[in-house]
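Working notes, structure below.
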């Protein structure tokens, strides 16, 4: 087993290669994210309490709209907290296929890509000074992808939350394994 960092491991087993990327945060960031979820949940509880209390009927509709807004972002925050505390990105190269899975509690949809159809694997071209990049790579989101490839005319991105150094090392390792798998003709 090869450790690229404390979050990224590569394991070669028999004819296949597996990559596991943990999306855990440092403790302080994890506590801040969970604190944000708790505070947002308490705000929602206050909105719901006020909406169903005997209040002015003219206030009921704005409160219900606010509750809908709150519920949408409650689910988004909950999803990020679960991903950052229990989520993994799993890649496997075996039998001529690259399988990519975002795993949460062991569940998640695995996407399979035939290695023969994968083109231009490597680092994604990102402007790290842009506002969009800064927002999508922040710890309060699921994280931005750093690696990608083209598959049958579509762009596929993976490697959520990797640092530039991790992405560089992982790109070389996976490119080498893809080349080895192509040579084997599987």
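For the pair residue 119 and residue 85, a Förster radius of 30 Å applied to the C-beta separation gives a FRET efficiency near 0.30, rounded to the nearest 0.05. Using C-alpha pairs under 8 Å with a sequence gap of at least 6, the mean separation divided by the residue count of the range 1-60 gives a relative contact order of 16 percent.
For the chain, the longest principal axis of the C-alpha atoms and the axis of helix 27-52 are separated by about 40°. Gain on full extension, evaluated as 0.36 nm per residue between residue 2 and residue 110 minus their Cα-Cα distance, stands at 36.6 nm. Cβ crowding within 10 Å ranks 166, 6 as 6, 166, fewest other Cβ atoms first.
Helix 57-86 and the longest principal axis of the Cα set of the chain meet at an angle near 30°. The angle between the Cα long axis of helix 164-184 and the longest principal axis of the Cα atoms of the chain comes to about 50 degrees, rounded to the nearest 10. The ellipsoid that matches the Cα gyration tensor of the chain has semi-axes, each √(5λ) in whole angstrom, of 41, 17, 15, with the longest given first.
From least to most packed, judged by other beta carbons within 10 angstrom and beginning with the fewest, 74, 150, 128 follow the order 128, 150, 74. Neighbour counts of C-beta atoms inside 10 Å place 93, 118 in the sequence 118, 93, starting with the fewest. If R₀ is 22 angstrom, what is the calculated FRET efficiency for the pair residue 65 and residue 39, using the beta carbon separation as r and rounding to 0.05? E between residue 65 and residue 39, to the nearest 0.05, is 0.60.
Entry note, the chain: relative contact order of 19 percent, from Cα contacts under 8 Å with a spacing of 6+ residues. With each label modelled as a point 7 angstrom along the Cα→C-beta vector, the residue 32-residue 183 pair spans 4.6 nm.
Comparing Cα centroids, the range 69-93 and the range 110-186 end up 20 angstrom apart.
Just so you know, all these numbers are worked out from the coordinates, no wet-lab data involved. If you're wondering where the values come from, they're calculated on a predicted model, not measured in any experiment. Don't worry about glycine lacking a Cβ; one is built from the backbone with ideal geometry, like all the others, and counts go over all protein chains shown.
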